[in-house]
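Everything below concerns the one structure shown next.
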Amino acid sequence: MKKYFLLFFLFPLTQLFTQSVVINEVMSSNAVTLADEEGDFPDWIELYNTSAQPVSLTNFSLSDDPGNLPKWKFPDLTLGPKNFLIVYASGKDKKDGAMFWETIITKGDQWKYLVPVSEPSSTWRTLGFDDALWKNGPSGFGFGDNDDATTVPSTNSIYIRKSFSVTDAVNVDTAFLHVDYDDAFVAYLNGIEIARSNIGTKGIPPAYNLTAASNHEAVMYSGGAPEVFPVANIRSLLKIGDNILTMQVHNINSTSSDLTLIPFLTLGLKTPPANPRGLSPLIKLPSSYLHTNFKLDSGGESIYLTGSDVSFIDELTFGYIPTGFSYGRKPDGGTNWLYFQSPSPKTSNTSSGVSQVAEPPQFSKPAGFYYNALSVAISSNFPGGTIYYTTDGSNPVTTSSKYVGAITISKTTTLRANVVAPGVVTSPTTTATYIINEVSKLPVVSLSTDPKHFWASDSGIYAFGPNPGGYPYFGANFWQDWERPIHFEFFEPFDSLKVSVDAGIKIYGNWSRAFDMKSVAVYLRGMYGFNKMKYQFFPGKKVENFENIVLRNGGNDFTYTLLRDRYMSSMLENLDIGVQATRFCIVYLNNEYWGIHTLREKLNEEFLSNTYGVDRTNVDIVDLSTEAGYRSNEHFSTLYDFISQKDITAKVNYDFVQSQMEIENYKNYQIAEIYVNNTDWPGNNMKVWRERTETGKWKWLTYDLDYGVGLVEYFNAQQDYKFNTLDFATSTNGPGWPNPPWSTLLLRRLLLNNDFKNDFIQSFAHLLNTTFSPDSTLHLLYKVQDEIAPELTRHTTKWKNTIQFDWTSNIARINTFVRLRDVFMRTHINSKFQLGGLSNLTLVTNDSLGGSIVLQSYPIPKASFTGKYFKTVQIKLSAKPNPGFIFEGWKGISLNPDINITLTRDTVLEAVFVKDAAANQNVVINEINYKSSSSSDCGDWVELYNNGNEEVNLKNWKFRDSIDTHVFVLPEISLAPDSFIVLVNDSVKFRTVFPDISNMIGYFSFGLSSVSEVVRLYNENETLIDSISFSSSAPWPIEPNGTGATLALINPDLDNTLPENWKTSTTPGTPGKINDVFSNTTTEDGLPSTFGLSQNYPNPFNPSTVISYQLPELSKVSLKIYDILGTEVATLVNEEKPAGNYNYELGIRNYEWSSGVYFYQLRAGGFLQTKKMIFLK
């Protein structure tokens, strides 16, 4: 009896204590209320223990997904009685923060210091700088406030240096720099900027005589606490052994009455040091380091707190919470929830609150394009509310216009309105831009903000401000690292509004800030209510989530063509050298036309995650624009020293280099920069990155190319297509800018290795034949210039005071460059490496469908290809059979698919492919669910079908989407003939909708895009078995995009790469069984049951393509080709043919066609169908 009694008693007691922990307060849009240890202001969740007993939170979980309750688990942690706990909902997923604080530099420590009368050496920030002539003194430094341990004469600036030692960087979790200062400062750790305030632009060291942007008073002398600056990526900045902290403090002017600099550096350690100093009592640090792996939606969502057995402890569903407000219980732990304008994280909710947020107003007309004036009515469903509105871009307040009736809009206008009512929180602002009678084929961005945020002399980010100084106006407001609120809208041309979000905005770029039209960067943050913009801005890149984006003014090309950066980015996008996606757009700022901008990805961790699929929190990015940058990361610095000091000709050493950096990426990067003649490089505009893992390799990133293709006549006026950028990039004695020796060392050293040198030479030769050929580069130039040419008159009219150029002549300069550059580059390469000249190499495949050839590392895109390559230098060739084919040999030369050749004369090689009779290609992708409806969310899934006569073992087969690193390896499972298997990315969701389907496997850990996607199936040997590239727009069925229907193949015998062979299933699809849209395409005797014309393959094509068609009966057949003007250019078939399936191989050698769009048309009996194809020379 006692045993049963104890069990009964202990169970409810445990439940009692655990359920005393409640979600007590949340903040989903944190602007300035509570900073985390990195200085960010993420969302947060407050827990409260209502009981008088401590509660262990070990293995408790927080989640925002009811389908994944243990989404984020607590570490071993106990919450004391009546205690509060803050958990940041930041997405950073941190559970093991610093346990010990060590202030390694504090007030009164000895420093080296200099009061400059001229600019010191640029190496003063580095450890190796000789500071023997600098004075010694304790901090603080300055004069005038009686807070200075080292008093100096009146001056505009002071420079200081202090070294310290670190024995174990891995033990360092985080770091903070605290500074008490008057009026501005910049701090550097081992030469890398880690903090600044009130002066200049991040990344650009201020000149010794530059003054602070505004007054800033020191506070410690009057009892205040020094300002805190989190040090990001501290582990990558620190070195084992000696390190150096350097700082410069600047005054508001040289006659100011005071100047102060008192620094503190504190490390957060996982284990205590041997002889700890502890935390300085003069500084304060954040106390919470718990971060979930998800963020909160300021528009509203649900949060779940579950116990160690995943039982519900508490749940909160909340709606929109305005920026700066929290939503919490009052009293703590009670059942009454209020909105607090004065949040109280970690303390009791005692401030007054309100129970409602007014609903936002509605506009009678949506934002968009209109050809005539319109009348817009504003309505509100909130009783007792008053509507206020603005048309100048500012957010409405109670002094704005009060709405009394419909508003007439006769010119492009941004209308903003909200609802104010007594006793409730003001509604969110509704914003809509109406673009009146303005037509452009470019996308449109509308930016709206309070005009003072851009133009106020003391705070406007576009303004000169009170102390701009001379060109490029380093003292101007637009050089400050200031962020202001903005509303961002994006419209596709002739289409509806696609994105409308509140965000932040900063001026972006370097010297191009001096132009009247400036580049800006847009930032999505929780403090504005949105963490991401959810839209695929760049049609060629499958990315739908952006935390920031850039609107660029063309950089140095602003007064020339505006298009160089986009042109070269497009030229290089297939070389895997970290090129950002770009797109031209026009911008309206507070209703005013603001000209052509380049919409561009921002080069940061998000870009790496979107482009390479890596964990953004686990990457290193190093800026190599300064010599100190090469030493800022220990891993890269070690590699740099290895290459500079070791015998790079030795295979073992070169193999090590290849294990540390992506040689293919580096080679292509160097070739690209040299070809385009970027002379603002390599001592500038160079960054590298790596995934922070044991096997992570360094890769180079390409950006800011606007100095290239003829912008600057660097040494040969008007003829820089002749300039020898290869010698420039390998110079041993270049100036400090743009090609100092430290910036050219890696390429110089690697070219000593014959393997790298030969690959570099013939790769350069190949790219001059393909990517950089005059035909390719001119075709791209015409395309890019046509994008903005119709808009140029309006743009130059807007900026006529600063843009006074002959656009046509500047385009002609680019034209000349790309027409002639290849000839001179071949001469430079031949001369530098003392080669024997060039020969033609012609590569042919006997069957364009059978396979392809790879030269060096580049797939040959044509069945017959001729290019110029260097004699006496080895060329690597590989023959790659397509699925269903095998390589028979290089005709008359070798049976080995991989060969090396050295040209001595013009040469022709043919790769022979034959069909593989044993190949099993009968597993097909048969049905796809890429976006479920909200009412029947079964997750993404793909159905495979065995269309053959033999069982197939799928063990170690691989399923991928368009990103190679997204891979799902299939377990050992056999698929019988005429059988199905379903691959799912969420088996829980799938079983909820399809409880009876057992022939499924999963999870695959990635989702499928609802815009455009590629799904691929490989066998265990990495042979491609099936691949489909589909989209949610015509000609593909559009209903599967969120309606609950799926994309279903009509018949597995059909070509599943063609959109016409897919239909929309009934909701919610037919996984694991025959598709409900199935249709027989043949009669009993195996003949087609309907007429049909398939899309040609390949498309685009050169030199040949296959056109397939089917006839169900004897028919007079006409198959003709027409050009884009409708002129007949070829008759392929004109005869009577019996029923059957036909493939016509169109070889272009018989026709004199120019590149472009053509149409092929099939007439058979009463059947008529036309399709489009593209021929590229």
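Where a number appears in this text, it was derived from the coordinates with a stated rule and is not lab data. Predicted model, so just to flag it, every value in this text is computed and none were measured. Cβ atoms come from the backbone with ideal geometry, glycine included; neighbour counts cover every protein chain shown.
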Exercise. Under 22 Å Cα to Cα from Lys270, which lysines show up? Leave out anything in the same chain fewer than 8 places away.
Key: Lys73, Lys92, Lys94, Lys95, Lys239, Lys284
Quiz item: Of Lys411/Lys931; Lys452/Lys602; Lys541/Lys699; Lys541/Lys989; Lys202/Lys646, which sit over 30 Å apart, Cα to Cα?
Solution: Lys411/Lys931; Lys202/Lys646
Quiz item: Each label point is 7 Å from the Cα along the Cα-to-Cβ direction; what then is the distance between the points at Val1014 and Leu282, in nm?
Solution: 5.9 nm
Quiz item: Convex hull over the alpha-carbon atoms of region 100-269: what's its volume per residue in Å³?
Solution: 104 Å³
Practice problem: With only Lys, Arg, Asp and Glu charged, each at its Cβ (+1 for the first two, -1 for the last two), find how big the charge dipole of region 100-269 is about the Cα centre; round to the nearest 20 debye. | Solution: 440 debye
Quiz item: Gain in length, Gln1161 to Lys532, computed as 0.36 nm per residue apart minus the alpha-carbon separation, to one decimal in nm?
Solution: 221.9 nm
Self-check item: Net charge over other residues, Cβ less than 14 angstrom from the Cβ of Lys915 (K, R count +1; D, E count -1)
Solution: -3
Practice problem: Label region 417-474 by shape, choosing from rounded, prolate and oblate, from the square roots a ≥ b ≥ c of the eigenvalues of the Cα gyration tensor; if a/c is under 1.5 it is rounded, and otherwise prolate applies when a/b is larger than b/c, oblate when it is not. | Solution: oblate
Quiz item: So what are region 1092-1175's ellipsoid semi-axes, whole angstrom, largest first, if each one is the square root of 5 times an eigenvalue of the alpha-carbon gyration tensor?
Solution: 22, 13, 11
Quiz item: Starting at 0 and stepping by 10 Å, how many percent of the alpha carbon pairs of region 314-368 end up in each bin?
Solution: 21, 46, 18, 11, 5
Quiz prompt | Förster radius 41 Å - calculated FRET efficiency between Tyr1003 and Ile240 (Cβ-Cβ, nearest 0.05) | solution = 0.50
Practice problem: Over all directions, average the projected area of the Cα convex hull of region 624-832 and note it in nm². | Solution: 13.4 nm²
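Relative contact order for region 361-438: what percent, with Cα pairs under 8 Å and sequence separation of 6 or more? Kindly include the intermediate steps, with their values, before the conclusion.
Values: 176 pairs, mean separation 29.2, N = 78.
Relative contact order for region 361-438 comes out at 37 percent.
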Exercise. Counting helices only, and only those DSSP H runs with n ≥ 4, report the 222 nm mean residue ellipticity of the chain as the sum of -39,500 (n - 2.57) divided by its residues, in deg cm²/dmol to the nearest 500.
Key: -4000 deg cm²/dmol
Quiz item: Regarding region 923-1064, what is the average projected area of its C-alpha convex hull, in nm²?
Solution: 7.8 nm²
Quiz item: Which of Ser1089, Asn1019, Pro428 sits farthest toward the positive end of the charge dipole of the chain, with +1 on the Cβ of Lys and Arg and -1 on the Cβ of Asp and Glu?
Solution: Pro428
Quiz prompt | Rg to Rh, two decimals, where the chain supplies the alpha carbon set and Rh follows Kirkwood | solution = 0.97
Quiz prompt | Label-to-label distance, nm, for residues given as Lys82 and Asn215 (7 Å Cα→Cβ offset) | solution = 4.6 nm
Quiz item: Quick one: length gained pulling Ala52 to Val1106 fully straight, 0.36 nm per residue minus the C-alpha distance?
Solution: 371.6 nm
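How do the peptides 806-814, 548-556 rank, highest first, by the average count of neighbouring beta carbon atoms within 10 Å per residue?
Working: 806-814: 16.0, 548-556: 23.0.
Ranked by mean Cβ neighbours within 10 Å, highest first: 548-556, 806-814.
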Self-check item: Whichever lysines have a C-alpha closer than 20 Å to that of Lys82, once near sequence neighbours (fewer than 8 apart) are set aside
Solution: Lys330, Lys346
Self-check item: Eligible lysines near Lys862 by straight Cα distance, threshold 21 Å, same-chain separation 8 or greater
Solution: Lys876, Lys880, Lys891, Lys915, Lys1172, Lys1177
Quiz item: About its Cα centre, what dipole magnitude does the chain give when the only charges are +1 on Lys and Arg Cβ and -1 on Asp and Glu Cβ, stated in debye to the nearest 20?
Solution: 1340 debye
Self-check item: Label-to-label distance, nm, for residues given as Ser1154 and Glu1128 (7 Å Cα→Cβ offset)
Solution: 2.3 nm
Practice problem: Just need the Rg to Rh number for region 361-438, please, alpha carbons only, Kirkwood Rh. | Solution: 0.98
Quiz prompt | Neighbour-count order for Trp101, Trp482, Trp1062, fewest beta carbons within 10 angstrom listed first | solution = Trp482, Trp101, Trp1062
Practice problem: Choose one of Trp44, Tyr1151, Thr246: the residue whose Cα lies farthest towards the positive end of the charge dipole of the chain (beta-carbon charges +1 Lys, Arg; -1 Asp, Glu; about the Cα centre). | Solution: Thr246
Quiz item: Of Lys722/Lys800; Lys441/Lys542; Lys667/Lys722, which ones are farther than 26 Å apart at the Cα?
Solution: Lys722/Lys800
Exercise. Compute the FRET efficiency between Glu592 and Thr907 as 1/(1 + (r/R0)^6), taking r as their Cβ-Cβ distance and R0 = 56 Å, and round to the nearest 0.05.
Key: 0.35
Exercise. Counting only C-alpha contacts under 8 Å and six or more residues apart, can you give the relative contact order of region 1092-1175 as a whole percent?
Key: 34 percent
Quiz prompt | Positive-end residue of Gly939, Thr559, Ile899, charge dipole of the chain with Cβ unit charges | solution = Thr559
Quiz prompt | Low-density loop cleavage sites - GluC sites (Glu not before Pro) in region 1041-1148, where at most 10 other Cβ are within 10 Å (DSSP) | solution = Glu1084
Quiz item: Once the other residues with Cβ under 11 Å from the Cβ of Asp450 are scored (Lys, Arg +1; Asp, Glu -1), what is the net sum?
Solution: +2
Quiz item: If Lys and Arg each add +1 and Asp and Glu each add -1, what is the summed charge of the other residues whose beta carbon sits under 14 Å from the beta carbon of Gly1044?
Solution: -3
Quiz item: So how far, in whole Å, is the C-alpha centre of region 182-236 from the one of region 128-171?
Solution: 14 Å
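Report the far tail of the P(r) of region 799-942, meaning the percent of Cα-Cα pairs longer than 20 Å.
Values: 6839 of 10296 pairs.
Value for region 799-942: 66 percent of Cα pairs lie more than 20 Å apart.
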Practice problem: Could you please tell me the mean projected area of the C-alpha convex hull for region 838-907, averaged over all directions and given in square nanometres to one decimal? | Solution: 4.4 nm²
Quiz item: R0 = 51 Å: FRET efficiency of Thr793 with Ser962, Cβ-based, nearest 0.05?
Solution: 0.85
Practice problem: May I ask you to derive the relative contact order of the chain, considering only C-alpha pairs under 8 Å and at least 6 residues apart, and to give it as an integer percent? | Solution: 6 percent
Quiz item: Can you give me the Cα centroid spacing of region 970-1023 and region 723-749 in angstrom?
Solution: 52 Å
Quiz item: Using alpha-carbon positions, what is the distance between the centroids of region 553-571 and region 863-887, in Å?
Solution: 35 Å
